[in-house]
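Below is one structure; the comments refer to it alone.
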Amino acid sequence: MAALLQFDFNRYPYLTPELPSIAGFIRQYPHDFQVVEVAAYLPTGQGEHLYLWLEKEELTTRAVFELLRDELGVAEKDIGVAGLKDKHALTRQWFSIPAKYQPRLSLLEGHSQLRLLETGLHTNKLRVGHLKGNRFRILVREAGGAKEKASDGPSPPAFTVCSILSTLQAKGVPNYYGPQRFGLGGQNPVRGYELVTQGKKRGDPWLGRFLIGSLQSLMFNDWLALRLERDLFDRVLPGDVAKKHHTGGEFVVEDAELENPRAQRLEISATGALYGKKYREAQGEARGLEDQILARYDLRREQFAARRGDRRLIRFPLSEWSVEEAEEGLWVSFFLPKGAYATTVLRELMKRNPEEPEEIEAEE
């Protein structure tokens, strides 16, 4: 069971297995991986909360929390943020603090890994989810054409990337949880499984929730992989809880034949379960697929009653993408909605976990 619970990004199927991959690697330097948060709303200019547009480098979002707490004296409960951002990257995102701390902002000056770019007042504190998504600009260094399956030689990497991104734009990107969700060595689901099956232990409640969330994420990835393997990625089944991409509305599919043309047009998609006490349950044939994943881990829905529960889209739209050739490699840019991982796009391009070093085949 321990091996099954360990996250391995390479074990999941790809949406574009028929297309070649590109060689290369990412994140040699922080500025190779750039993330800019796209806010759901901007400061209005008045209110009791001060919004900070911060640029961070080689810092976790949690580390910025601690810096604002220690340098400015802001209580952690009064700090707001819309989403977590990568550590090994150059990122820009909004934080909020009570406006009374504005005179202390000068204490942030001179910090080598953090820059204050803009401030503004607003009437409410930022909370997780208060964003539209993120724009990514990622350098694939030493990008090269990988081997073609038809032995025609390598394709130009920019051509390969454009072909794959065009397919992802048309069909949607598999909404896998990326490596950041699973901890060092992908071991967090193992600890989450212990909490679910053996009961709560003393310790940090936030950590416990995070570890169980990691187990939920692993099970979702397995469900998504099962749908891909059975050619159910861009289709809905009777009993699926489907979601409308444009409005976010959910509904239970009664007539799959009637709804599948909309699924093919990427207007609606199936959703997978993140089990808990408050989530919409699938029915019939769709529920049977979820049951297969639960049985794989010898788990029951009731064991997640301590969690709130939710549903997650099987795929997400890819937009605003571009490819730029440079001396050092390829710059790949795109916009992703909130909750989506850029590594799920990159793994389709590289046909491997992009966060791991590329294996070089020895010459015979």
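The values are calculated or read from the model by the stated rules, or taken from the named source; none is laboratory data. None of the values given here were measured: they were computed from a predicted structure. Cβ coordinates were reconstructed from backbone atoms using ideal geometry, including for glycine residues, and neighbour counts include every protein chain displayed.
Annotations for the structure displayed:
- Put simply, of E328, E302, E324, E267 the only residue that is touching a residue at least 40 places away in the same chain (Cβ under 8 Å) and among the charged types (D, E, K, R) is E328.
- Any hit, the range 304-327, residues being surrounded by fewer than 17 Cβ atoms within 10 Å (Cβ to Cβ) and in contact with an Asp or Glu (Cβ under 9 Å, 6 or more places away or on another chain): no
- Scanning the range 193-207 for residues that are free of Cβ contacts under 8 Å to residues at least 40 places away in the same chain and in contact with a helix residue (DSSP H, G or I) (Cβ under 6 Å, 6 or more places away or on another chain) returns a single hit, L195.
- Residues in the range 164-180 that are at pLDDT 95 or above and assigned to a helix (DSSP H, G or I): 8 in all.
- Of all residues in the range 181-217 being basic (K, R) and part of a helix (DSSP H, G or I), the one that is surrounded by the most Cβ atoms within 10 Å (Cβ to Cβ): R181
- The residue that is surrounded by the most Cβ atoms within 10 Å (Cβ to Cβ), among those in the range 328-349 that are of a type outside the set (F, W, Y) and part of a loop (DSSP other than H, G, I, E, B), is A340.
- Selected residue [surrounded by 14 or more Cβ atoms within 10 Å (Cβ to Cβ), part of a loop (DSSP other than H, G, I, E, B) and touching a helix residue (DSSP H, G or I) at 6+ places or on another chain (Cβ under 7 Å)] from G276, G272: G276
- Every condition in (1) exposed (fewer than 14 other Cβ atoms within 10 Å of the Cβ); (2) in contact with a strand residue (DSSP E or B) (Cβ under 7 Å, 6 or more places away or on another chain) is met by D86 except one, and the failing one is (1).
- Filtered residues of the range 284-305 (kept if assigned to a helix (DSSP H, G or I) and of a type in the set (F, W, Y)): F304
- Test set (1) of a type outside the set (F, W, Y); (2) in contact (Cβ under 8 Å) with a residue 24 or more places away in the chain; (3) part of a loop (DSSP other than H, G, I, E, B) - L54 fails condition number: (3)
- Residues (assigned to a helix (DSSP H, G or I) and surrounded by 15 or more Cβ atoms within 10 Å (Cβ to Cβ)) located in the range 218-233: L218, M219, F220, N221, D222, W223, L224, A225, L226, R227, L228
- One residue stands out in the range 243-263 among those that are in contact with a Gly (Cβ under 9 Å, 6 or more places away or on another chain) and assigned to a strand (DSSP E or B): the one that is farthest from L313 (Cα to Cα), namely V252.
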